[in-house]
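Notes for the one structure printed next.
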């Protein structure tokens, strides 16, 4: 510091903060407006009641210091760095509450040791004092290697299904790298928006660890609402439409001779999200951004109205994270992903080929991974988590064995016999492996 600061100096708003906000650059704001602005953002970050007290206290401290960044811009960097370190602390606290302070550990000789501790540091210390080489603990009923470090804690949380989602796994890996960078130290300066993102990410991870997915969350979202939606297209398939079924009934006087319709359960507009690919609906393959299931059709408008008059389909919710897809590779082609129940209803030649059971958040993630495997692109793993794609390969083989594996993974495999219906889907249903560019 090049001068002694007075109390008045310490109370002054940092002029850099007056030009900054999580939403972008502002015109210079008054100090009062700046304080209100940052407090409002911080107040939106709330932890679930189940979260342990030590994790909650650490998070509340970060949230408080974030607001004090109005007075000292450098505090935003300190909050960001500490949030990355708090990621590991939250995992440690959840590990202890999950095991209720008692962990059975198996050493490399197969001998089992029961360790009781009131804190994670105490547990780790006992493991070291016992000189347990290559220790293993039970994860989801299996003995798995556990090194007690951040990567081991993430692996544990994944195995116990406390953290989920293929795409969020990449974020967890990024946070691990950032945590290591912070621990080794380097000078840097971040914006209030960066700090808020770090806190938001931390809050979402903490809530998920304690079993509370975030409504509209970026990493671990709640199941999303699906409405009853009518999808229609004209005879030439040059135009299409989609809308809520109640609006369809309200506009029953409209004349659209030659159009065909289906009724589906789909995400139309829920939690500020919509499915941009509804018009690409395919009854046999996963082609929409969120899971979409056929209720009725296809048929003319009059038939739609008649069916709705006799039936009362209701909205539901669906979890679109960690979906189970079946992807078929056959005769130099890879077909679009299917849901297991649809694949179970196939017969004859449609059942042949190699079927991959893929856990992924999106159909295209599953498809691109299998296409890479079929084309022999390097670094795409055929077993478990892929290093290049946000997916897991659970199994592969013939269709019957794939369906058994999908059922073991918790997927619904009850046979569905559906009509072959495509709206305005532009995707070919199978892609030649040779069409994949060389990397």
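So which of 159, 167, 226 ends up being at pLDDT 95 or above and over 22 Å from residue 58 (Cα atoms)?
226
Going by the structure shown, is residue 153 assigned to a loop (DSSP other than H, G, I, E, B) and touching a residue at least 24 places away in the same chain (Cβ under 8 Å)? Please lay out each step first, then the result.
On the way: assigned to a loop (DSSP other than H, G, I, E, B): no; touching a residue at least 24 places away in the same chain (Cβ under 8 Å): yes.
So residue 153 does not fit the description; no.
Counting only residues that are modelled with pLDDT under 95 and over 14 Å from residue 199 (Cβ atoms), how many does the stretch 55-75 have?
Selection size over the stretch 55-75: 5.
What number of residues in the stretch 291-311 are over 20 Å from residue 419 (Cα atoms) and buried (at least 18 other Cβ atoms within 10 Å of the Cβ)?
Taking the stretch 291-311 and keeping what is over 20 Å from residue 419 (Cα atoms), we get 309-310.
Adding the requirement that they be buried (at least 18 other Cβ atoms within 10 Å of the Cβ) leaves none.
Qualifying residue count, the stretch 291-311: 0.
Could you tell me whether the stretch 178-187 includes any residue that is buried (at least 21 other Cβ atoms within 10 Å of the Cβ) and out of contact with any strand residue (DSSP E or B) (no Cβ under 7 Å at 6 or more places or on another chain)?
no
Looking at this structure, is residue 424 outside the structural domain of residue 234 (by TED's automatic domain parsing), out of contact with any strand residue (DSSP E or B) (no Cβ under 6 Å at 6 or more places or on another chain) and in a loop (DSSP other than H, G, I, E, B)?
Considered against the rule, which asks whether it is outside the structural domain of residue 234 (by TED's automatic domain parsing), out of contact with any strand residue (DSSP E or B) (no Cβ under 6 Å at 6 or more places or on another chain) and in a loop (DSSP other than H, G, I, E, B), residue 424 comes out as no.
Filter the stretch 317-358 for residues that are on the phi > 0 side of the Ramachandran plot and in contact (Cβ under 8 Å) with a residue 12 or more places away in the chain; which is surrounded by the fewest Cβ atoms within 10 Å (Cβ to Cβ)?
Among them, the one singled out is 331.
Pairs needed: first member in the stretch 76-102, closer than 15 Å to residue 194 by Cα; second member anywhere, at pLDDT below 95 and not in a helix (DSSP H, G or I); C-beta distance under 6 Å; at least 6 residues apart or different chains.
If the second residue must be at pLDDT below 95 and not in a helix (DSSP H, G or I), the pairs left are 76/69; 76/190; 77/189; 77/190; 80/190.
Within the stretch 57-75, track down each residue that is without any contact (Cβ under 8 Å) to a residue 40 or more places away in the chain and surrounded by fewer than 17 Cβ atoms within 10 Å (Cβ to Cβ).
Across the stretch 57-75, the qualifying residues are 57, 60, 61, 64, 68.
Tell me whether the stretch 162-169 contains one or more residues that are assigned to a loop (DSSP other than H, G, I, E, B), free of Cβ contacts under 8 Å to residues at least 60 places away in the same chain and within 12 Å of the chain's Cα centre (by Cα).
yes
Would you please name the residue that is modelled with the highest pLDDT, looking only at residues in the stretch 115-150 that are within 25 Å of the chain's Cα centre (by Cα), exposed (fewer than 13 other Cβ atoms within 10 Å of the Cβ) and outside any strand (DSSP E or B)?
149
Looking at the stretch 182-196, which of the residues that are assigned to a helix (DSSP H, G or I) and in contact (Cβ under 8 Å) with a residue 60 or more places away in the chain is nearest to residue 220 (Cα to Cα)? Can you show your working first?
Filtering the stretch 182-196 for residues assigned to a helix (DSSP H, G or I) gives 182-184, 192-196.
Next, only the ones that are in contact (Cβ under 8 Å) with a residue 60 or more places away in the chain stay: 182-183, 192-196.
Details: 182: 25, 183: 26, 192: 23, 193: 21, 194: 20, 195: 20, 196: 17 Å.
Out of the qualifying residues, it is 196.
Among the listed residues 95, 87, which satisfies the condition of being assigned to a helix (DSSP H, G or I), surrounded by 13 or more Cβ atoms within 10 Å (Cβ to Cβ), modelled with pLDDT of 90 or more and out of contact with any strand residue (DSSP E or B) (no Cβ under 9 Å at 6 or more places or on another chain)?
Answer to the check: 87.
Regarding the stretch 209-231, can at least one residue be identified that is assigned to a helix (DSSP H, G or I) and either free of Cβ contacts under 8 Å to residues at least 12 places away in the same chain or crowded, with 19+ Cβ neighbours inside 10 Å (or both)?
The answer is yes; a qualifying residue exists.
The values are calculated or read from the model by the stated rules, or taken from the named source; none is laboratory data. Small disclaimer: the values here were computed from a predicted structure and weren't measured. Methodologically, a virtual Cβ is constructed for each residue, glycine included, from the backbone with ideal geometry; neighbour enumeration extends over all protein chains shown.
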